[in-house]
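Visitor: Before I ask anything, let me first share the structure, which is written out below as structure tokens.
The values are calculated or read from the model by the stated rules, or taken from the named source; none is laboratory data. All values reported here derive from a predicted model rather than from experimental measurement. Cβ coordinates were reconstructed from backbone atoms using ideal geometry, including for glycine residues, and neighbour counts include every protein chain displayed.
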Amino acid sequence: MPLTSMIRAALSKPYLPAVFFFSGVTFDSLTLTRIDGLLDNLILLLYLSLLGALIVLTARMDTRMGVETPPAGLGGVPGLVARAQPYYPYAIQFLLGGLFSAYTIFYLQSASLTETAVFFGVLVALLVGNEFLQDRLSNLRLLVSLYALVVLSFFTFFLPVLTGFMNTWVFLVGAGLSVAVTLKVVELIYQGRPTASRWEPALSVLPAIGLIVVLVGFYFLNWIPPVPLSMKFGGAYRQIAKADGAYRLTFEEGDWYQHWKRSDDPFRGTGPVHCFTAVFAPVNLHTTIYHRWQYRPAAGRNFSTTDRVALAISGGREGGYRGYTLKQRVMPGDWRVDAETAEGRIIGRVSFRVEEPGGEARALATITY
């Protein structure tokens, strides 16, 4: 059997879409290191470039667009590229799987799974759903919309890494660039091609533009994780001291079976309480985060803010930029401290319960971070 026939027969197997999907996920798991890594971002840029090119080629060579023979120009590709057309959906699925898995890894590190759970859920759904998209990858509007999503997801963390700034304007610039890139892809698809209607290109790109507008709305609702920031560690402590470049965090030991206890939860007493966090930021990023202290006297009640304290951070440390705030006196009940951006997007949360002091004093333990 000729080699081309063997390849065609193998690719017709029903399990192949899942193989290409998990290949993209596995490749990312083995190669991705950190969100500001040069090689990682170059790989993602390569994925986006190849995906855009394949979408253009697939759409231009699709006879269902009303052209039975490829026109001159980008659509009139010769030889090998034209013969490879049946395999484009597999390559598209591999690239989408790789991009969605990379974003899931990066966004999971920044997701507090509170308000940001909606956007993170969308990414996870697309990561899993990509396995079942093969039969719909010839749908131009779907392809363009997915492309707009992966481009915006990339710019959301890449621009802060590149510029060293992280604010609303940087996000909006990323949204504008995503629109421009998506429009360029659609322009290349229809360039020099007859269409049934002059509105056909606009109708092809309209769902993608609508999706970007929806994601901008997600941003202002604080539903998009604050990438590239991520909280590596956090806890409540009785005492914090810094020596030789390390923080010594002191807390009450737990019961004999609580080997995992690494902070004061519950906190017994009236204070002071120190909230310690380590927030990762890219090398060039300098920004201000806030510790928002919140309290409720009993379960079922709403939390109310008692303090919001600023912390200036700088990036580059693998374990995160370390800092803490303290509250001199706390009342019994539930407490939580949100580490958040200036816009109120939650990076991470430290929760603990304050109880009245009672019984024998417990021994203190110290960890170094």
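Visitor: Go through (1) in the same structural domain as Val56 (by TED's automatic domain parsing); (2) more than 25 Å from Gly98 (Cα to Cα) one by one and return the number of the condition Thr156 breaks.
Guide: Only one criterion is unmet by Thr156, namely (2).
Visitor: Okay, next question. For segment 340-367, what are the residues that are surrounded by 20 or more Cβ atoms within 10 Å (Cβ to Cβ) and more than 16 Å from Phe276 (Cα to Cα)?
Guide: Those that are surrounded by 20 or more Cβ atoms within 10 Å (Cβ to Cβ) and more than 16 Å from Phe276 (Cα to Cα): Arg345, Val354.
Visitor: Any idea how many residues of segment 86-118 are surrounded by fewer than 20 Cβ atoms within 10 Å (Cβ to Cβ) and modelled with pLDDT under 75?
Guide: Matching residues across segment 86-118 total 9.
Visitor: Scanning for something farther than 30 Å from Gly164 by Cβ and at pLDDT below 90, does segment 318-337 turn up at least one residue?
Guide: no
Visitor: Moving on to the next point. Looking at Val186, Val214, which is the one that is surrounded by fewer than 18 Cβ atoms within 10 Å (Cβ to Cβ) and at pLDDT 90 or above?
Guide: Within the list Val186, Val214, the selection yields Val214.
Visitor: In addition: Quick check on Val283: is it in a loop (DSSP other than H, G, I, E, B), of a type outside the set (Phe, Trp, Tyr) and closer than 30 Å to Ile35 by Cα?
Guide: So Val283 passes the test.
Visitor: Another one. Can Val170 be described as closer than 30 Å to Arg336 by Cβ, under 19 Å from the mean Cα position of the chain (by Cα) and at pLDDT 90 or above?
Guide: Here the answer is yes, as Val170 does meet what is asked.
Visitor: Taking segment 173-217, which residues are over 27 Å from the mean Cα position of the chain (by Cα) and among the β-branched types (Val, Ile, Thr)?
Guide: Answer for segment 173-217, where residues must be over 27 Å from the mean Cα position of the chain (by Cα) and among the β-branched types (Val, Ile, Thr): Ile189, Thr195.
Visitor: List every residue pair whose Cβ atoms lie under 7 Å apart, where the two residues are 6 or more positions apart in sequence or sit on different chains, the first residue falls within segment 249-260 and is in the same structural domain as Ala363 (by TED's automatic domain parsing) and under 16 Å from Gly235 (Cβ atoms), and the second residue, located anywhere, is part of a loop (DSSP other than H, G, I, E, B) and not basic (Lys, Arg).
Guide: Every condition considered, the pairs that remain are Leu249/Tyr369; Phe251/Ser263; Phe251/Asp264; Glu252/Asp264; Glu253/Ala363.
Visitor: Among the residues of segment 274-287, which ones are surrounded by fewer than 23 Cβ atoms within 10 Å (Cβ to Cβ) and more than 20 Å from the chain's Cα centre (by Cα)?
Guide: Once the filter is applied, which keeps residues that are surrounded by fewer than 23 Cβ atoms within 10 Å (Cβ to Cβ) and more than 20 Å from the chain's Cα centre (by Cα), segment 274-287 yields His274, Phe276.
Visitor: Taking the residues in segment 229-264 that are part of a strand (DSSP E or B) and among the polar types (S, T, N, Q) as candidates, determine which candidate is nearest to Gly344 (Cα to Cα).
Guide: In this case the residue turns out to be Ser230.
Visitor: What pairs come out if I take residues in segment 215-241 that are within 25 Å of Arg317 (Cα to Cα) and free of Cβ contacts under 8 Å to residues at least 24 places away in the same chain and pair them with residues that are among the β-branched types (Val, Ile, Thr) and not in a loop (DSSP other than H, G, I, E, B) whose C-beta lies under 8 Å away, six or more apart or interchain?
Guide: As it stands, the answer is Ala241/Thr250, since those pairs meet every condition given.
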